[in-house]
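Heads up: the structure comes next, in C-alpha cells.
The values are calculated or read from the model by the stated rules, or taken from the named source; none is laboratory data. Please read these numbers as outputs of a predicted model, since none were measured by experiment. A quick note on method: Cβ atoms are made from the backbone with ideal geometry, for glycine too, and the neighbour counts reach across all protein chains shown. Ligands, DNA and RNA are excluded from the accessible area calculation, which covers all protein heavy atoms including side chains. Shrake-Rupley method; radii C 1.70, N 1.55, O 1.52, S 1.80 Å.
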Amino acid sequence: GQNIDQPTEMTATEGAIVQINCTYQTSGFNGLFWYQQHAGEAPTFLSYNVLDGLEEKGRFSSFLSRSKGYSYLLLKELQMKDSASYLCAVRWGAAGNKLTFGGGTRVLVKP
Amino acid sequence: EPEVTQTPSHQVTQMGQEVILRCVPISNHLYFYWYRQILGQKVEFLVSFYNNEISEKSEIFDDQFSVERPDGSNFTLKIRSTKLEDSAMYFCASSALVTGGYEQYFGPGTRLTVT
C-alpha cells in the first residue's frame, strides 16, 4: 500500500520561510506532487518532482530524495494568502495514473 | 486560462437514488480523473480514464460507480445507488500527460449530500 506522512499543522509569521516535510512509502513511485488547498476549494497545482533535487518556482520550491522517500515544500516570503492546506501526493500504479494524497499540512500565517 | 468545470456545484439526493456528476475537462487533455474528499478528510483517488477506458481504479471504485465520456467534451461519474457515506466533495481533474505534462488540474468540485 501507500503511506504518506506530513505534519498536521504549522504556524509561521508573514514574511518568513516555512518548510513542509513529506515522507512516503510506496511501490511503483512515479513522481510527487504538491498542491495547495484553501478551505472549501479544489486543490491547485504547485509543483511536481520526478527526479532528485530542488525545483524552484517563484516563492515556492520543492525538493525530492527518492532514496530517502522524502520531499519538502519551501514557502518563502510568506503572505497572509498562503494560509491554506498543503497536500503532498504520490503518483504511482502500473500505468502511473494513481495519485495518493497525504492528509495535508495546514499552514497558518500570522501578521 | 482554460479550466476544468463541473456541474452541479451541489447535489442533494436521497439514499438509494442514482446521481450523475458532470465534468468538462480541459480541451486538449488526454487523461481524466475523479477524486472524492469527505469533509475534513484527505483527498482520495477513485479512477483514471484514458482513451475511452478506465486506466486505473481504487478499492473505493466498486460496482456502484461508473464513468463515461459520452461525447468529445464531457466526462461523467455515475453512482448507481447512493449511500449516506457517499456524501463528499467530488473533484474531477484532467492532465495532458504529454512530454512531462503530468500536472493534474482540478475542477471546483460537486458537493454531494445523501440524505
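Go through the range B:4-54 and give me each residue that's charged (D, E, K, R), open to solvent by 80 Å² or more (accessible area, probe 1.4 Å) and under 15 Å from residue B:109 (Cα atoms).
First, pick out the residues of the range B:4-54 that are charged (D, E, K, R): B:18, B:22, B:36, B:42, B:44, B:53.
Next, from what is left, pick out any that are open to solvent by 80 Å² or more (accessible area, probe 1.4 Å): B:18, B:22, B:42, B:53.
Matches in the range B:4-54: B:22, B:42.
So which of A:36, A:6 is open to solvent by less than 50 Å² (accessible area, probe 1.4 Å), touching a helix residue (DSSP H, G or I) at 6+ places or on another chain (Cβ under 9 Å) and under 26 Å from residue B:90 (Cβ atoms)?
Exactly one residue qualifies, and that residue is A:36.
Please return the ranges of strands (runs of 3 or more DSSP E) entirely within the range B:45-115 where 1 or more residues are facing another protein chain (nearest Cβ under 9 Å) and closer than 15 Å to residue A:100 by Cα.
B:53-57, B:88-95
Within the range A:76-111, can you find the residues that are among the hydroxyl-bearing types (Ser, Thr, Tyr) and under 13 Å from the mean Cα position of the chain (by Cα)?
A:85, A:86, A:100, A:105
Just to be sure I understand the filter: pairs with C-beta atoms under 6 Å, separated by 6 or more residues or on different chains, first member in the range A:29-45 and under 18 Å from residue A:3 (Cβ atoms) and facing another protein chain (nearest Cβ under 10 Å), second member assigned to a strand (DSSP E or B) and charged (D, E, K, R). Which pairs pass?
A:30/A:91; A:31/A:91
Would you mind telling me which numbered condition in (1) touching a Gly at 6+ places or on another chain (Cβ under 9 Å); (2) buried (at least 17 other Cβ atoms within 10 Å of the Cβ) residue A:46 fails?
Tallying (1) touching a Gly at 6+ places or on another chain (Cβ under 9 Å); (2) buried (at least 17 other Cβ atoms within 10 Å of the Cβ), residue A:46 fails exactly one: (1).
Residues checked against (1) closer than 24 Å to residue B:45 by Cβ; (2) not small (Gly, Ala, Ser):
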{"site": "A:53", "(1), (2)": "no, no"}
{"site": "A:62", "(1), (2)": "yes, no"}
{"site": "A:71", "(1), (2)": "yes, no"}
{"site": "A:74", "(1), (2)": "no, yes"}
{"site": "A:80", "(1), (2)": "no, yes"}
{"site": "A:91", "(1), (2)": "yes, yes"}
{"site": "A:102", "(1), (2)": "yes, no"}
{"site": "A:110", "(1), (2)": "no, yes"}
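Can you confirm whether residue A:104 is within 14 Å of another protein chain (Cβ to nearest Cβ), on the phi > 0 side of the Ramachandran plot, touching a Lys or Arg at 6+ places or on another chain (Cβ under 8 Å) and crowded, with 18+ Cβ neighbours inside 10 Å?
yes
Find the residue count for the range B:82-115, including only residues that are at pLDDT 95 or above and open to solvent by 30 Å² or more (accessible area, probe 1.4 Å).
So the count comes out to 8.
Can you list residue pairs whose Cβ atoms sit under 6 Å apart, with the first residue in the range B:19-33 being away from chain A (no Cβ under 13 Å) and the second being in a strand (DSSP E or B) and of a type in the set (D, E, K, R)? Count only pairs 6 or more apart in sequence or on different chains.
Filtered contacts from the range B:19-33: B:20/B:78.
Give the residue that is surrounded by the fewest Cβ atoms within 10 Å (Cβ to Cβ), with candidates limited to residues of the range A:74-91 that are assigned to a loop (DSSP other than H, G, I, E, B) and of a type in the set (S, T, N, Q). Full working, then the answer.
Keep residues of the range A:74-91 that are assigned to a loop (DSSP other than H, G, I, E, B), which gives A:76-79, A:83.
If we keep only those that are of a type in the set (S, T, N, Q) as well, we get A:79, A:83.
Numbers: A:79: 11, A:83: 17.
Among those that are assigned to a loop (DSSP other than H, G, I, E, B) and of a type in the set (S, T, N, Q), it is A:79.
Return the residue satisfying two criteria in turn: it lies in the range A:92-101 and is at the interface with chain B (Cβ under 7 Å from one of its Cβ atoms) and not aliphatic (A, V, I, L, M), and of such residues it is farthest from residue B:32 (Cα to Cα).
A:101
Which residues, counting only those in the range A:9-20, are on the phi < 0 side of the Ramachandran plot and open to solvent by less than 60 Å² (accessible area, probe 1.4 Å)?
Within the range A:9-20, A:10, A:12, A:16, A:18, A:20 meet the criteria.
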